[in-house]
Amino acid sequence: MAQRRRQRGDLVSGGWITHADHARWQMQAARELAVILGEFADLPLLVWTVVPAGPLLEARLIGPAPAGQVRGTLAAWRKALGLEDYREWPGGGGTTRLHAKGLRGEVRVRIFASVFEEAR
C-alpha cells in the first residue's frame, strides 16, 4: 500500500492507496484508451501502455523514422488529444527526446519519442 496524495502532492491524512484504487485507475485509463482509439483511428499507430499508478496512459512512437515524420506524428496526436505541455531535450548519441503530456478528463496522457537528428 502507498500513501494517498492529492493532485498537488499534498498528503491526504489517514488515506492509503489500495489494490482496488489501482484497479479502478487502470480500468478508467483503459476505458479512455478505447475512446481515443475509436475517435482517432486515422492517426498513425502508437504503442500504448495502461499504467495502474493513477489513471495514466503512456504511448511511444516506435521504429526508425525521419525526425520530421516523428515530429509530425507527435504533433498530430498532440492536437487530437489536446496535449499542451510539450518538451524536447538532447538525449545523447545524436538523439533528441520528445515528450507531450496533458489530461483527458481525469486520465493523464503522456507520449514519448526519440529522434535521430538528420545531418544538415
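Rule-based calculations on the coordinates, nothing more; no lab input. Everything quoted here is computed from the prediction, not taken from an experiment. Here the Cβ positions follow ideal geometry from the backbone for every residue, glycine too, while neighbour counts run over all protein chains shown.
Helix 67-81 and the longest principal axis of the Cα set of the chain meet at an angle near 40°.
In deg cm²/dmol and to the nearest 500, what is the mean residue ellipticity at 222 nm of the chain if only DSSP H runs of at least 4 residues count, each as -39500 (n - 2.57), divided by the residue total? Don't jump to the answer; show the numbers that get you there.
Details: 2 runs with 36 residues, N = 120.
Helix contribution divided over all residues of the chain: -10000 deg cm²/dmol.
Remind me, relative contact order of the chain in percent, using alpha carbon pairs under 8 angstrom and six or more residues apart? Relative contact order of the chain: 21 percent.
Between the helical axis of 19-39 and the longest alpha-carbon principal axis of the chain there is an angle of about 40 degrees.
Toward the positive end of the charge dipole of the stretch 2-116, with +1 on the Cβ of Lys and Arg and -1 on the Cβ of Asp and Glu, the farthest Cα among Ala76, His19, Gly63 is that of His19. Each peptide in 82-89, 109-116, 46-53, 29-36 receives the mean, over its residues, of other Cβ atoms within 10 Å, and ordering these scores from highest gives 109-116, 29-36, 46-53, 82-89. About its Cα centre, the chain has a charge dipole of approximately 280 debye under the convention of +1 per Lys or Arg Cβ and -1 per Asp or Glu Cβ, with nothing else charged.
Work out the P(r) tail for the chain: percent of alpha carbon pairs separated by more than 20 Å, whole number. Don't skip to the end; give the middle numbers.
Working: 3516 of 7140 pairs.
When every Cα pair of the chain is considered, 49 percent fall beyond 20 Å.
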